[in-house]
Amino acid sequence: MSPTGTIVFSTVGRANYGFDIFSVQLTGSTDFSERRLTDGASINFNGSFLDDDNAIVYVSERTGSAQIFLNRRGAGAHPEPLPSAADSLFHDRPAVNNRRLYFISAHECPEKLFTSWCALYCAGIDGGKVERLTPYGSVDFSPAVSPSGKLIAVASYGNRRWGGEFHDLRTEIVVFSESDPAKRVLVCDHGGWPTWSGDSTLYFHRQSDDGWWSIFRADLPPDFSHDFEFSTAPRRVTPPGIHCFTPAAVPDSAKIAVATRRKGKNHRHIEIFDTELQKIDPVTELLNPDFHHYNPFVSPGGSFLGYHRFRGSGGGGTTTIPHLDPVSSPLEGLRMLRLNGSFPAFSPSGNFIALNGDFDQNSGLKIIRSDGTKRWNLFKNRTTFSNCWNPSDENVIFVSIGPIFESVTANVQIARVTFDRSDLSNDRDEIPADIKILTEEGTGNNAFPSCSPDGKSVVFRSGRDGHKNLYIVDAVAGESAGIRRLTDGPWIDTMPSWSPDGETIAFSSNRHRPDDPSVFGIYTVRADGSEVRRVVVAGSEEDRDRLNHVCFSADMEWLLFTANLGGVTAEPVALPNQFQPYGDLYAVRLDGSGLQRLTCNAYENGVPTWHPKVLGDGLDVSRLSLVGENGDDLKGKFVETLWIKCDF
C-alpha cells in the first residue's frame, strides 16, 4: 500500500518570493517604465517571449507545482496551461520557436540515484505528442533554441551522476540539431545558461578562475555540422569585478542582457552589456533599486526585455501568503502542504500544527489550525527550533530553545511548553504558556525532541560529551529525574523520531562515515538501546547519502525523510538562496525498498511532519501579509544567493 495521509513541510524562503514577470521596452523609447505581464497569482518566473507583443510562456506554481503557462496577449491575458508531459511535478525554462514548445521536465525517473531527473522535451504549442530530446541516461538544463529553430544548446550533465556540487554546477555546453538530437557536439566543458546570438554565436555563464561569474562567447562555423570539433577556447566577454550571469542575447546586435551583482550593492539587477564597446548600462536599478531581479529574456525582434522580481505588497494580485499552501502530490491519498514557517508538528487530533518562524532567530513558538484559518503565538523573541507535540496530550509541546545549529557546547535546552488547548478556540492572538526547561544548564547543545506515544519520555540529541548522541529523559520531570543514554560513539546521531508503537526510534547518523559531517544515513534503534540497524535505501551510496528529518507513518510501514538522492533540478545560481537546493522529500519502506519521491523542485524542502488523516480540504484564505525585500517586517524577506561573494 502506498503512503497516505497528510504531510506538512517547509521550503526555505519560498513563501516570500512573490514573483511576477515584468517587461520594459528596449527600442523606440528612452522610458524604462515597467509593464507587468503576469497576474500576481502564486509565483511566476523564467519567462520567454513568443513575439514582440509581450506574449509569453513562463513557469507558474499556481497549481501546486512548477507548470508551464501561456499568456497570448501580454499583460492582463488569461494564463493558459500548456500541454506538456503528464504527471510531472516540475517544469522549467520554456521556449517557443516555430510553434514548437521546448521545456525541461522531471517526470521520468533515471535508472540510478544521485542523478537529476531533468531532461529536455518538445511538443506543439497547441498540443500533440511530447518528444524527449535528451538521450536516455543523460541530464540537461537551461535549453536555448537558435533563431532559425534548427539548433539547440543546453547546459548538460551528460550521463554523469551528480557530483554533489551546486554553487557552480559542472555542466557542459552542448549543441545539437533539432532534427537529430542524439548527435551532440561539445562546445565547452564548463558552462551554463546558454543563449543564441544568431545561429552561430553562443553566450553562456560560468565562474571564472578569478572567482567572478562571467559571460563567455563561443563561435560556431556557419556550416556547423555534428562532425565539428571545437579547438578554440571560449572567450570571456564580461570583465572581472562584476558578477554576470543568466545571459540573454539581444537579437541583431552585439548586446546581451545579464543579471549582475556588484561590489557595494546588495541586490541583483538586470543590465545591458555591449560586448563590442565593453560598456554596461543599468536597467532595473533605475526602476526598483531595492528589489532583486532575475533571469532576463529578450523578445525575438529585440523590442522588449523581460525578467521576474518580487511584485511588492502594493503591486496588485496576491499580496498575502497562506499559512498552508497545497503542493501537488504524486500519490493518490497523500496530501502535501507547504508551511509558511519551519519545523511543523501535528497535534494528536491533527486539528492544529505547531511551528517556528522561517528558520529565523527569535522565532518563538506558534500554532495554526490545520485548515489555515487562524494563527496564535505561544511565545515570541526566543530562538526556538524543532517541535514535537505530545502524542497523548493536546496541551503540551516539546521544543528546542537556543541556536541548535551551532557547536556541541552551545547552550541549547529541551523545553516542555504547557498551555490550555481550549484557548485555541478564542480570538486572541497570544496564548498564555508555561515553559519548563527539561535539560540541565551547561550540558551543551540539546535539540530535536521527540516524545514517546504514551507521553512519558522524550528522546533528543545532545552534545554534552563532545559528540552528538541520543538521550532519553522523563517528559515531565526532565533531567532532574535522571537521564538515560541511548547511543554512544564518536559520530553524530541526530533528529530522532519515536515510532507510533513506542518500540523503535528512527534517527539520522553519520556513524558509517564518522569523519564526514555532511553524510547521513537512516538508522533505527530499540527504545532500550539495543538492535541499532541501518536502513539502506536501495541504490543509495553510503559515502554520498544525506538523509535527514526522518519520521514514521502511522502504520509503521513507511519512513518519511529528506534527501539529496535526486541531485539538483535547475541551475542554483539562477535562484534566490537555497542552502541545500537538492533537498526533496522521499518515503521508503522500513527495509529500504519501495523508494517514492514526493517532491521535485529547485528548492530545499525539509523538516516534514506526517498525520494519518487526509487534511487540508477547503483551506481558508486567511493569510499573512506578503512582505518582501523592502518591507518593515524583515521576517518576510527572502535572501539572495549567499555564496556569491562581492568582497574579494
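The values are calculated or read from the model by the stated rules, or taken from the named source; none is laboratory data. Bear in mind that the values here come from a model prediction, so they are computed numbers and not experimental data. Neighbour counts are summed over all protein chains in view; Cβ atoms, including those assigned to glycine, are modelled from backbone coordinates with ideal geometry. For accessibility, only protein heavy atoms count, side chains too; no ligands or nucleic acids. Shrake-Rupley method; radii C 1.70, N 1.55, O 1.52, S 1.80 Å.
Just one of (1) of a type in the set (S, T, N, Q); (2) surrounded by 20 or more Cβ atoms within 10 Å (Cβ to Cβ); (3) touching a residue at least 60 places away in the same chain (Cβ under 8 Å) fails for Gln25. It is (2).
Restricting attention to the range 386-404 and to residues that are of a type in the set (A, V, I, L, M) and surrounded by fewer than 24 Cβ atoms within 10 Å (Cβ to Cβ), the residue that is farthest from Ser370 (Cα to Cα) turns out to be Ile404. The criterion of being without any contact (Cβ under 8 Å) to a residue 24 or more places away in the chain and open to solvent by less than 10 Å² (accessible area, probe 1.4 Å) holds for Thr260. With respect to Cys122, determine if the residue is within 23 Å of Tyr58 (Cβ to Cβ) and not charged (D, E, K, R). Considered against the rule, which asks whether it is within 23 Å of Tyr58 (Cβ to Cβ) and not charged (D, E, K, R), Cys122 comes out as yes. Residues in the range 355-368 that are touching a residue at least 60 places away in the same chain (Cβ under 8 Å) and outside any loop (DSSP other than H, G, I, E, B): Leu365, Ile367. Among the listed residues Thr569, Thr562, Thr524, which satisfies the condition of being among the hydroxyl-bearing types (Ser, Thr, Tyr), open to solvent by less than 20 Å² (accessible area, probe 1.4 Å), in contact with a strand residue (DSSP E or B) (Cβ under 7 Å, 6 or more places away or on another chain) and under 16 Å from Gly163 (Cα atoms)? Of Thr569, Thr562, Thr524, the one residue that is among the hydroxyl-bearing types (Ser, Thr, Tyr), open to solvent by less than 20 Å² (accessible area, probe 1.4 Å), in contact with a strand residue (DSSP E or B) (Cβ under 7 Å, 6 or more places away or on another chain) and under 16 Å from Gly163 (Cα atoms) is Thr569.
Given the condition at pLDDT below 95, closer than 22 Å to Arg261 by Cβ and either touching a Phe, Trp or Tyr at 6+ places or on another chain (Cβ under 8 Å) or open to solvent by less than 20 Å² (accessible area, probe 1.4 Å) (or both), answer yes or no: does some residue in the range 133-144 qualify? There is no residue in the range 133-144 that is at pLDDT below 95, closer than 22 Å to Arg261 by Cβ and either touching a Phe, Trp or Tyr at 6+ places or on another chain (Cβ under 8 Å) or open to solvent by less than 20 Å² (accessible area, probe 1.4 Å) (or both).
Scan the range 541-550 residue by residue and report those that are surrounded by 22 or more Cβ atoms within 10 Å (Cβ to Cβ) and not acidic (Asp, Glu).
Of everything in the range 541-550, those that are surrounded by 22 or more Cβ atoms within 10 Å (Cβ to Cβ) and not acidic (Asp, Glu) turn out to be Leu547, His549, Val550.
Restricting attention to the range 90-130, the residues that are surrounded by 22 or more Cβ atoms within 10 Å (Cβ to Cβ) and on the phi > 0 side of the Ramachandran plot total 1. Within the range 382-398, the set of residues being more than 18 Å from Phe9 (Cα to Cα) and under 27 Å from the mean Cα position of the chain (by Cα) comprises Arg382, Thr383. Only one of the numbered conditions (1) in contact with a Gly (Cβ under 6 Å, 6 or more places away or on another chain); (2) hydrophobic (A, V, I, L, M, F, W, C); (3) at pLDDT below 95 is not met by Val96, and that is (1). Among the residues making up the range 158-182, those that are open to solvent by 10 Å² or more (accessible area, probe 1.4 Å), in a strand (DSSP E or B) and of a type outside the set (A, V, I, L, M) are Gly158, Glu172, Ser177, Asp180, Pro181.
Of all residues in the range 1-15, exactly one satisfies the criterion of being outside any loop (DSSP other than H, G, I, E, B) and at pLDDT below 85, namely Ala15.
Only one of the numbered conditions (1) closer than 16 Å to Asn469 by Cβ; (2) buried (at least 19 other Cβ atoms within 10 Å of the Cβ); (3) not small (Gly, Ala, Ser) is violated by Asp488, and that is (2). Taking the range 456-476 as the range and being more than 15 Å from Val399 (Cα to Cα), surrounded by fewer than 19 Cβ atoms within 10 Å (Cβ to Cβ) and over 32 Å from the mean Cα position of the chain (by Cα) as the test, the residues that pass are Lys456, Asp465, Gly466.
Just one of Phe297, Phe245, Phe304 is among the aromatic types (Phe, Trp, Tyr), out of contact with any Pro (no Cβ under 7 Å at 6 or more places or on another chain) and open to solvent by less than 10 Å² (accessible area, probe 1.4 Å); which is it?
Sole residue among the options that is among the aromatic types (Phe, Trp, Tyr), out of contact with any Pro (no Cβ under 7 Å at 6 or more places or on another chain) and open to solvent by less than 10 Å² (accessible area, probe 1.4 Å): Phe245.
For the range 148-166, check the following and say yes or no: at least one residue is in contact (Cβ under 8 Å) with a residue 12 or more places away in the chain and among the acidic types (Asp, Glu). No, the conditions are met nowhere in the range 148-166.
Taking the residues in the range 187-238 that are among the charged types (D, E, K, R), closer than 21 Å to Pro251 by Cβ and free of Cβ contacts under 8 Å to residues at least 24 places away in the same chain as candidates, determine which candidate is most open to solvent (accessible area, probe 1.4 Å).
The extreme case among them is Arg235.
Condition first: part of a strand (DSSP E or B), farther than 25 Å from Leu642 by Cβ and either touching a Lys or Arg at 6+ places or on another chain (Cβ under 9 Å) or of a type in the set (S, T, N, Q) (or both). Can you find one or more residues in the range 34-42 that meet it? Yes: one or more hits. In this structure, Pro517 does not satisfy being under 33 Å from the mean Cα position of the chain (by Cα) and either at pLDDT 95 or above or open to solvent by less than 10 Å² (accessible area, probe 1.4 Å) (or both). Being surrounded by fewer than 22 Cβ atoms within 10 Å (Cβ to Cβ), among the charged types (D, E, K, R) and within 23 Å of Lys436 (Cα to Cα) is a condition met by no residue of the range 494-509. Identify all residues within the range 597-630 that are open to solvent by less than 20 Å² (accessible area, probe 1.4 Å) and at pLDDT below 90; write none if there are none. The answer is Gly616, Leu626, Gly628, Glu629. Test Ile483 against the criterion of being open to solvent by 60 Å² or more (accessible area, probe 1.4 Å) and either free of Cβ contacts under 8 Å to residues at least 24 places away in the same chain or touching a strand residue (DSSP E or B) at 6+ places or on another chain (Cβ under 7 Å) (or both), and give yes or no. Answer is yes for this residue. Within the range 263-293, the residues that satisfy the criterion of being buried (at least 23 other Cβ atoms within 10 Å of the Cβ) and part of a strand (DSSP E or B) are His269, Ile270, Phe273.
The single condition among (1) modelled with pLDDT of 95 or more; (2) open to solvent by 50 Å² or more (accessible area, probe 1.4 Å) that Asp87 does not satisfy is (1).
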